[in-house]
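These notes concern the structure reproduced below.
The values are calculated or read from the model by the stated rules, or taken from the named source; none is laboratory data. Keep in mind that what you see is a predicted model, and the values were worked out from it rather than measured. In this analysis, Cβ positions are derived from the backbone assuming ideal geometry, glycine residues included, and neighbour counts consider all displayed protein chains. Calculation scope for accessible area: heavy atoms of the full protein, side chains included, ligands and nucleic acids excluded. Shrake-Rupley method; radii C 1.70, N 1.55, O 1.52, S 1.80 Å.
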Amino acid sequence: QRGLRLPQTTLKALSPCGGKAGTTFDVKVTSGTNLEGLTALQFNKPGLKAVPKMQKSGGKMVPVANTFVVTIAGNVASGLYEVRVAGDYGLSNPRTFVVGRLSEIAEKEPNNTEETATKLAVNQTVNAAIGSGAEIDYFRFDGKQGERITVDCQAARIDSQLRAALELFAPDGQRIAFSRNDVRDDPVVTLRLPINGTYTVKLYDFTYRGGADYFYRLSVHTAPRIDFVL
């Protein structure tokens, strides 16, 4: 019949949307359409594998809805890969899955004020999301005077709807950096820290939107960063 369209599995967001090489962790499908009967996560890299997460119910083991246990082999190179979900309505579209080398944590809610900021170590990545409109996330890390730090928010680069704005505040409360649209619509800040103390990162959507599709990965690190190549 003309105009008839069959349902198609659509993947919009995972949490977390990446992980450290050599680790095993849970990944939940947090946004999409026609997600009934999900049975698999499929990657385009052999060193990335996923199996359904199981739990005991009624005396037998059953899958946890939309949740998988992902293992990243230690020899998988850092970078961006493709992930799809498979369920009752077939194989989904691809979404970006990130493999990194830094240790990783999850955002601890609530962290919507400076007083409740999520603690982040230097050379660490936090997986987070702007869950609702007008939400602001805060993070804190301890830095040393003269230390060269990069604060990098991956969002648009990894298929998120978030168009992030990032502000960095020194221990004395002075704003020392603002970033937006620096790397493919994402904010990135690199600078030498002016004093010892605890620095605060303020992150939000520039148009104050939010939801499960507004996920991001925020990294604070001391590794080299290439600005351009000629």
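For the chain, give the percent of accessible area contributed by carbon and sulfur heavy atoms, probe 1.4 Å, rounded to a whole number. With neighbouring chains kept in place, the figure for the chain is 49 percent. Computed on segment 112-205, with alpha-carbon pairs under 8 angstrom and 6+ residues apart, the relative contact order is 36 percent.
Taken about its Cα centre, segment 1-72 carries a charge dipole of roughly 60 debye when the Cβ of each Lys and Arg holds +1 and the Cβ of each Asp and Glu holds -1. On a C-alpha basis, how far is the centre of segment 162-230 from the centre of segment 1-74 in Å? Whole number, if you could? One Cα centre to the other: 30 Å.
Taken about its Cα centre, the chain carries a charge dipole of roughly 700 debye when the Cβ of each Lys and Arg holds +1 and the Cβ of each Asp and Glu holds -1.
Can you tell me the alpha carbon radius of gyration of the chain divided by the globular rule-of-thumb value 2.2 N^0.38 Å? Normalised by 2.2 N^0.38 Å, the Cα Rg of the chain equals 1.10.
With the simple spin-label model, which puts each label point 7 Å out from Cα in the Cβ direction, the Gln42 to Glu114 separation comes to 5.0 nm.
Quick one: Debye curve from the alpha-carbon atoms of segment 14-102 only, equal weights, vacuum; give me log10 I(q)/I(0) at q = 0.12, 0.13, 0.19, 0.25 Å⁻¹ to two decimals. Relative scattering, expressed as log10 I(q)/I(0), comes to -0.35, -0.41, -0.83, -1.28.
For Asn123, the amide hydrogen comes within under 5 Å of the amide hydrogens of Val220, His221, Thr222, counting only partners 5 or more places away or on other chains and with H modelled in the peptide plane.
Within segment 136-229, all pairs of alpha-carbon atoms sorted by distance into 10 Å bins from zero give the percentages 16, 50, 28, 5.
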